[in-house]
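To start, the structure under review is shown below, and the notes come after it.
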Amino acid sequence: MKRWITVMSGVLAVTAAAAPVSAQATAVNTRSTTANTRTTAANTQVAPIDPVAALTARFAANRGVTIAEISRTSSGGKPLSAQKRRGVAQFDAAGVTGYDILTASALPGETTKPVRSLAIGGNVYTSGGLVGEGLPDGRKWMRAPGKIRDLSPFQTPVLVLEPATLKALLATSKAKKPGAALHTGTITLGALYRVSPSYRADLRGRPSARVAATTVAWRLWLGRDGLPSRLVTSWTEPPASMKVTRVSDVRFASWGKAVNLTAPLGEEPAV
């Protein structure tokens, strides 16, 4: 009986001594697991979003984005014109497939009627302004052929709705921090001509050496989703009879909104 009591006392003593060690090991394992979880979470949070991939991911049929632009043209510090544009761009799986834009003067006291441009299905339809005044009675639209993917609804030559153009722009960014919300830089019109279908279509020919060397200063804001939210560009055109400076401020919103543009009725073919 005494021997049994002695043996049991030894077993209990060993168990009691081992308990703190086991508890310490459990605590260490718990801390290690927590640290690994925090490290994994941190790695996930710092992974930057690729803006070009974010843009192309939004390309889907009957989806689009709301756009607004204010553009100003001046010479020698004196305003020559100012316009404001607002509307929507429509996408398909390959990119921009149409737009609906209303353009109005932004100069004080200007009485020019707004002009609406609707591009869809291989044609550009224009209504209002001087165009509307010249149409036959009962007609509200003038129709002209146009390759929609090569057209830009903006005054700025930088169309960031084109993946290649957005990529080229970001390649000149001065931002050093991955995933930065604000990017700034400069790009030449010659570089834009090489990557931008809309700019090539706008020029309708190769730019001269002087035009190609023209520098466009730009600032691009990106949202948390990596998509453009604002683009400001400014450039001075080479002197012809006078030096002209242009500034454009474009805003983007409601990415992925439903857009279903249709051709208007009662259009008049352009002569």
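The values are calculated or read from the model by the stated rules, or taken from the named source; none is laboratory data. Quick caveat: nothing in here was measured; it's all calculated off a predicted structure. Cβ coordinates were reconstructed from backbone atoms using ideal geometry, including for glycine residues, and neighbour counts include every protein chain displayed. Calculation scope for accessible area: heavy atoms of the full protein, side chains included, ligands and nucleic acids excluded. Shrake-Rupley method; radii C 1.70, N 1.55, O 1.52, S 1.80 Å.
Given the structure, is S127 within 21 Å of E237 (Cβ to Cβ) and open to solvent by less than 80 Å² (accessible area, probe 1.4 Å)? Against the criterion (within 21 Å of E237 (Cβ to Cβ) and open to solvent by less than 80 Å² (accessible area, probe 1.4 Å)), S127 does not qualify. Taking first residues from segment 225-237 that are without any contact (Cβ under 8 Å) to a residue 40 or more places away in the chain and partners that are polar (S, T, N, Q) and surrounded by fewer than 18 Cβ atoms within 10 Å (Cβ to Cβ), the Cβ contacts under 6 Å between residues at least 6 apart in sequence or on separate chains come to T236/T245. Condition (residue is in contact with a Leu (Cβ under 8 Å, 6 or more places away or on another chain), open to solvent by 40 Å² or more (accessible area, probe 1.4 Å) and in a strand (DSSP E or B)) applied to segment 71-83: is it met by at least one residue? There is at least one residue in segment 71-83 that is in contact with a Leu (Cβ under 8 Å, 6 or more places away or on another chain), open to solvent by 40 Å² or more (accessible area, probe 1.4 Å) and in a strand (DSSP E or B).
For segment 122-180: of the residues being among the basic types (K, R) and assigned to a helix (DSSP H, G or I), which is farthest from L261 (Cα to Cα)?
K167
If you go through segment 98-121 and keep only what is touching a Leu at 6+ places or on another chain (Cβ under 6 Å) and assigned to a loop (DSSP other than H, G, I, E, B), you end up with just P114. The condition (being of a type outside the set (V, I, T), loosely packed, with under 13 Cβ neighbours inside 10 Å and outside any loop (DSSP other than H, G, I, E, B)) is satisfied by just one residue among S254, S198: S254.
So if I check each of T156, T184, which one is of a type in the set (S, T, Y), in contact (Cβ under 8 Å) with a residue 40 or more places away in the chain and either touching a Leu at 6+ places or on another chain (Cβ under 7 Å) or closer than 26 Å to R224 by Cβ (or both)? Every option except T156 fails the conditions.
For segment 130-148, the set of residues classified as open to solvent by 80 Å² or more (accessible area, probe 1.4 Å), free of Cβ contacts under 8 Å to residues at least 60 places away in the same chain and touching a strand residue (DSSP E or B) at 6+ places or on another chain (Cβ under 7 Å) consists of P145 only. Among the residues making up segment 201-234, those that are within 30 Å of A180 (Cα to Cα), open to solvent by 10 Å² or more (accessible area, probe 1.4 Å) and not hydrophobic (A, V, I, L, M, F, W, C) are T214, T215, R219, G223, R224, D225, S229, R230, S234.
Taking the stated definitions as given, is E110 open to solvent by less than 30 Å² (accessible area, probe 1.4 Å) and among the acidic types (D, E)? No, not satisfied. Would it be correct to say that R246 is closer than 20 Å to Q83 by Cα, open to solvent by 60 Å² or more (accessible area, probe 1.4 Å), in a strand (DSSP E or B) and in contact with a strand residue (DSSP E or B) (Cβ under 8 Å, 6 or more places away or on another chain)? Against the criterion (closer than 20 Å to Q83 by Cα, open to solvent by 60 Å² or more (accessible area, probe 1.4 Å), in a strand (DSSP E or B) and in contact with a strand residue (DSSP E or B) (Cβ under 8 Å, 6 or more places away or on another chain)), R246 does not qualify.
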